[in-house]
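Some notes on the structure that comes next.
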Amino acid sequence: MNPSPVIAIHGGAGTILRAAMNSEAEQAHHSALHDVLNAAKRLLAAGGSALDAVSEAVRRLEDCPLFNAGHGAVFAADGTHELDASIMDGSTLAAGAVCCVKRIRNPVLAARRVLDCSEHVMFAGAGAEAFAAAQGLALVEPSYFYTEARYRQWMQAREQSTRMLDHDAATLSALHATGNAPPANHLSQEPIDPNRKFGTVGAVALDAQGRLAAATSTGGITNKQIGRVGDTPLVGAGCYANAVCAVSTTGSGEMFMRMVAAYDVAAQIEYRGVSLEEAAADVVMNKLPRIDGRGGLIAVDVHGNVALPFNTEGMYRGFARIGEATVTAIYR
């Protein structure tokens, strides 16, 4: 008998401080996470697949302006938006991804079409947009991705001549607005530390048939160089699923790429025989910090165990299991 279906999601990790978030904003994030989880849980309860559940969860996160994916994506250095996404089916090892797209409303749906309808795994830029259009997916004007909050973060990053990962940008803006100073150990080298906020969304799921799936999506880094691609669309780095577990990461993308972080969790379970919790914790708490890798991941295994480790001050996260109350959290 298979364990109860379960869905877990994240909305990014980084310097997410209570001092920088009022109760209204905190409740808005909890409500958004609950809504996404409950929608995916209903899908799983009705017999839906893990692949459909992670597609729906990430699509909803992309549509929510609170998170850095889709509507609400951060601004790149030239004032445009470049979005990346990936998805993987653990039962078949089929995967799809898109990167550096500017007009696809829901990049995760484009990644899903690559998985379902193409012999390839990844499309980039204009080629990805042409593929999405041919598949009948919604294309939007670049202004669709605009939000005032992200624009302010970009203006602040330009003034400081640096790149910001977006929860850090949001935190710093909020602290300044309330007259609070950042904590002593925060942004100790520069006014804005580019390694403090990791704005990615993701989902992992196990369905009633015992199948696993993962999906990840991002708007990148505030003020990033055009053409930069992080770990999000890379199979094995930002997203991975097989018959053992499913993983979605959020963090300093270059470090997660170098560690092949998502795959490493699955490999440790398969080759070392350790638990999901031990494998995920080793990657996030031991291996990544050795190369200054910060962030976290969400993972679920074939037995229905869930792991949500992170080595930052906070990570927007939650999980929902059929027959149990939905759980969300923000801080450590």
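The values are calculated or read from the model by the stated rules, or taken from the named source; none is laboratory data. Note that the coordinates shown come from a computational prediction; the quantities given were computed from them, not determined experimentally. Glycine gets a Cβ as well: all are built from the backbone with ideal geometry, and neighbour counts include every protein chain shown.
Things to note:
- Tyr151 vs. criteria in contact (Cβ under 8 Å) with a residue 24 or more places away in the chain, surrounded by fewer than 19 Cβ atoms within 10 Å (Cβ to Cβ), under 22 Å from Pro233 (Cβ atoms) and not basic (Lys, Arg): no
Yes/no per residue for (1) at pLDDT 95 or above; (2) in contact with a Lys or Arg (Cβ under 8 Å, 6 or more places away or on another chain); (3) crowded, with 20+ Cβ neighbours inside 10 Å:
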| site | (1), (2), (3) |
| --- | --- |
| Thr171 | no, yes, yes |
| Ser188 | no, no, no |
| Gly199 | no, no, yes |
| Ser217 | yes, no, yes |
| Ala246 | yes, no, yes |
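- Considering residues of the stretch 101-114 that are in contact with a helix residue (DSSP H, G or I) (Cβ under 8 Å, 6 or more places away or on another chain) and part of a helix (DSSP H, G or I) only, the residue nearest to Gly90 (Cα to Cα): Arg112
- Cβ-Cβ distances below 7 Å connect the following pairs, each with a first residue in the stretch 99-124 that is on the phi > 0 side of the Ramachandran plot and touching a residue at least 12 places away in the same chain (Cβ under 8 Å), a second residue that is of a type in the set (Val, Ile, Thr) and surrounded by 17 or more Cβ atoms within 10 Å (Cβ to Cβ), and a separation of six or more residues or different chains: Cys100/Val229.
- Within the stretch 288-326, if we keep just the residues that are over 17 Å from Ser4 (Cβ atoms) and either polar (S, T, N, Q) or without any contact (Cβ under 8 Å) to a residue 40 or more places away in the chain (or both), the residue that is surrounded by the fewest Cβ atoms within 10 Å (Cβ to Cβ) turns out to be Arg290.
- The selection criterion, being free of Cβ contacts under 8 Å to residues at least 24 places away in the same chain, touching a strand residue (DSSP E or B) at 6+ places or on another chain (Cβ under 6 Å), of a type in the set (A, V, I, L, M, F, W, C) and not in a loop (DSSP other than H, G, I, E, B), holds for Ala329.
- Number of the exception - Met1 against (1) touching a residue at least 24 places away in the same chain (Cβ under 8 Å); (2) more than 17 Å from Val204 (Cα to Cα); (3) out of contact with any Ser or Thr (no Cβ under 9 Å at 6 or more places or on another chain); (4) not in a helix (DSSP H, G or I): (1)
- From the options Ala237, Ala205, Ala213, residue that is in contact with a helix residue (DSSP H, G or I) (Cβ under 7 Å, 6 or more places away or on another chain) and without any contact (Cβ under 8 Å) to a residue 40 or more places away in the chain: Ala237
- Long-range neighbours under 9 Å by Cβ, at least six apart or interchain, first residue under 15 Å from Thr249 (Cα atoms) and surrounded by fewer than 23 Cβ atoms within 10 Å (Cβ to Cβ) within the stretch 220-234, second at pLDDT below 95 and β-branched (Val, Ile, Thr): none
- Considered as a group, the residues in the stretch 19-67 that are in a loop (DSSP other than H, G, I, E, B) and hydrophobic (A, V, I, L, M, F, W, C) include one that is surrounded by the fewest Cβ atoms within 10 Å (Cβ to Cβ), and that residue is Ala46.
- Of all residues in the stretch 115-139 being among the small types (Gly, Ala, Ser) and assigned to a helix (DSSP H, G or I), the one that is farthest from Arg228 (Cα to Cα): Ala134
- Exclusive hit being of a type in the set (Asp, Glu), assigned to a loop (DSSP other than H, G, I, E, B) and at pLDDT 95 or above, set Glu324, Glu277, Glu270, Glu254: Glu324
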